[in-house]
1. Using the 10 angstrom Cβ neighbour count as an exposure proxy, how do 113, 87 rank, fewest first?
2. Please work out whether segment 191-308 counts as rounded, prolate or oblate from its C-alpha gyration tensor, where a ≥ b ≥ c are the square roots of the eigenvalues and a/c under 1.5 means rounded, while otherwise a/b larger than b/c means prolate and anything else oblate?
3. How would 256, 261 line up from fewest to most surrounding beta-carbon atoms within 10 angstrom?
4. Label segment 35-170 by shape, choosing from rounded, prolate and oblate, from the square roots a ≥ b ≥ c of the eigenvalues of the Cα gyration tensor; if a/c is under 1.5 it is rounded, and otherwise prolate applies when a/b is larger than b/c, oblate when it is not.
5. How many nm is it between the label spots at residue 148 and residue 76, if each spot is 7 Å from the Cα in line with the beta carbon?
6. Could you give the length gained on full extension between residue 137 and residue 19, defined as 0.36 nm per residue of separation minus the Cα-Cα distance, in nm?
7. Go ahead and collect, in residue order, the members of segment 88-112 whose backbone nitrogen is under 20 Å from a label point 7 Å along the Cα-Cβ direction of residue 186.
8. Which of these, 295, 248, 74, has the largest mean-square fluctuation under a Gaussian network model of the chain (Cα springs below 10 Å)?
């Protein structure tokens with residue numbers, strides 16, 4: 001079986017799994033000598049097929065964009081990574097976000113802590129507030145609704161507890177990136193979608209990437225794939241606007257990571273190295289919120305994940321490591337240095353967060369086997 005047929009088979013098999021409505025996959029060599037994109041399943045509840053060019057909600061892959069923009073601002077000292085993040089935001093917004101035993105330690109959290117998930121802050125999306133439900137549970141049970149930055153931070157401040165002292169642990173937390181977005185807007189004087197467009201979307205020629213409710217794609221696009229929660233389609237335009245959600249295609253997301261690696265975003269090509277200068281490994285999840293977030297054996301830099309299946313679990317052939325990011329809705333964007341290979345895609349299922357860590361190794365295995373046969 002040739003590589004294209006094998007990749008097509010992987011995508012079609014993934015799209016037949018229980019509660020997976022569709023799958024899309026893009027695979028590209030770093031030098032552009034091999035490019036393949038395929039899709040299977042239905043993009044809409046009415047049976048409209050998923051196409052390679054169909055856009056979808058990329059979920060937390062957008063953390064790469066947020067981190068890259070912060071790093072770009074750091075090149076001109078607009079943002080200092082080791083400065084307290086409170087230096088860039090109004091005191092009434094940040095006061096009391098990290099309080100332990102009556103002591104407010106918010107001022108100890110640096111911009112770098114936010115980027116690397118070492119702040120210790122509670123997660124406004126996944127953590128359960130005192131006397132209430134998580135934001136995710138509310139969206140599922142109540143349906144679509146909007147919220148403001150002030151409302152999200154007030155929940156963290158008044159109804160949640162931090163997980164550890166600033167800089168003393170590692171825990172994935174969406175509050176960190178909510179605050180980074182606020183910093184971007186404060187420093188640039190622009191709403192996030194305009195800052196993205198100026199610094200990232202246009203330089204990288206992302207014609208099919210946009211923030212619904214805030215901007216539009218630069219070219220006419222097919223209708224975006226619907227997100228699912230278990231067996232139900234989820235329509236949440238108000239929540240997407242509040243989340244600053246990014247929609248894109250598999251091909252466009254590859255352009256994002258390729259552009260960063262090639263130095264097409266930063267004034268100093270070495271800046272990208274800061275994002276992967278130090279990797280920290282997540283621990284084992286110990287509570288329900290942590291179960292839904294990235295955990296062992298995933299490592300985190302600044303806006304980037306690194307993942308490799310432990311050798312114990314791959315006794316026949318080692319699977320090379322990849323770096324990039326995933327999203328809780330089963331989205332992925334990775335680069336494998338060993339194979340010089342980009343892998344991007346998604347399944348648009350809110351309960352499919354672990355899928356990329358099982359599926360991407362299958363893609364790497366298919367490419368590795370094909371190359372080993374060619375060199376014999």
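Every number here is computed from the coordinates shown, using simple stated rules; none is lab data. Keep in mind it's a predicted model, so treat the numbers as computed, not measured. With ideal geometry, Cβ positions are generated from the backbone for all residues, glycine too; neighbour counts draw on all protein chains shown.
1. Numbers: 113 22, 87 13.
Exposure proxy ranking, most exposed first: 87, 113.
2. On the way: a/c = 2.13, a/b = 1.06, b/c = 2.01.
Taking the square roots of the gyration eigenvalues as a ≥ b ≥ c, segment 191-308 is oblate.
3. Numbers: 256 28, 261 17.
Ranking 256, 261 by Cβ neighbours within 10 Å, fewest first, gives 261, 256.
4. Details: a/c = 2.68, a/b = 1.46, b/c = 1.84.
Note, shape of segment 35-170 comes out oblate.
5. A separation of 2.9 nm, rounded to one decimal place.
6. Values: separation 118, 0.36 × 118 = 42.48 nm, distance 1.86 nm.
Gain in length upon complete extension: 40.6 nm.
7. 88-100, 104-112
8. 74
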